[in-house]
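Notes follow once the structure below has been shown.
The values are calculated or read from the model by the stated rules, or taken from the named source; none is laboratory data. Here the structure is a predicted model, which is why all the values come from computation and not from measurement. Here Cβ is always computed from backbone atoms with ideal geometry, including for glycine, and neighbour counts include all displayed protein chains.
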Amino acid sequence: MTRNLYIAVGCAAALMVAGCGASHTPAAKPVQVTASGGPTLGGKVVSLTSYRGHPVVLIFWASWCGPCHDEQPALNTAYATWAPRGVVFLGIDLRDTSAPALAFQSQLKVPYPSIADTNATFAVDYRIPSAPALVFLTSQGKVADVVLGALGTMSAAQFAAEITTLLGTSTTGSA
């Protein structure tokens, strides 16, 4: 019985370490994604299908996630670099309430909209266990890559390579 207790405690500790910001390997690509959009934190409704023809970077974040705070300045810079070339950035705010999520966006000057994913619909569809995470979508809306741990697990050069590949497959001619 004591051994089972040690195993249970060890498993619980491992699950805690796997939470917010832990280093992850890339996730398996989802078989079928049904999440198609929703209301942004600002109240506007966004549909992923409206972005067809443009590569999309989905940024899974939460106000309670320390690494999300840490990487936001780099994401703001990436947005400033790549949005003029036709890359769409869309935040997916995981399991947050409105006030802290809006404060996060305001304090960190997030330049792109975020969908409130209070029920984790997007997270489940894209197999995102925790924030932060990035999902790269082709201009046809297909998953090109999923990176768990987001910028904590990939370099700026790897991020740029992902975007450059997406632009290379883009049908917008903005590459």
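Remark: pairs (first residue in the stretch 147-175, closer than 20 Å to G66 by Cα and assigned to a helix (DSSP H, G or I); second residue modelled with pLDDT under 90 and not hydrophobic (A, V, I, L, M, F, W, C); Cβ separation under 8 Å; 6+ apart in sequence or on different chains) = G152/G21; G152/S23.
Just to verify a result, which residue in the stretch 83-106, among those that are polar (S, T, N, Q) and modelled with pLDDT of 95 or more, is farthest from A120 (Cα to Cα)? Checked the stretch 83-106; the qualifying residue farthest from A120 (Cα to Cα) is S106. Look at the stretch 39-53: where a residue is on the phi > 0 side of the Ramachandran plot and touching a residue at least 12 places away in the same chain (Cβ under 8 Å) and a partner is assigned to a loop (DSSP other than H, G, I, E, B) and surrounded by fewer than 15 Cβ atoms within 10 Å (Cβ to Cβ), sitting 6+ places away or on another chain with Cβ atoms under 8 Å, you get G53/T171; G53/T172. Considering the stretch 56-107, the residues that are part of a loop (DSSP other than H, G, I, E, B) and over 28 Å from S139 (Cβ atoms) include one that is farthest from the chain's Cα centre (by Cα), namely T97.
Scanning the stretch 129-143 for residues being closer than 14 Å to V88 by Cα, in contact with a helix residue (DSSP H, G or I) (Cβ under 7 Å, 6 or more places away or on another chain) and not in a loop (DSSP other than H, G, I, E, B) gives a total of 2. Within the stretch 108-125, being under 11 Å from A62 (Cβ atoms) and assigned to a helix (DSSP H, G or I) holds for one residue alone: A123.
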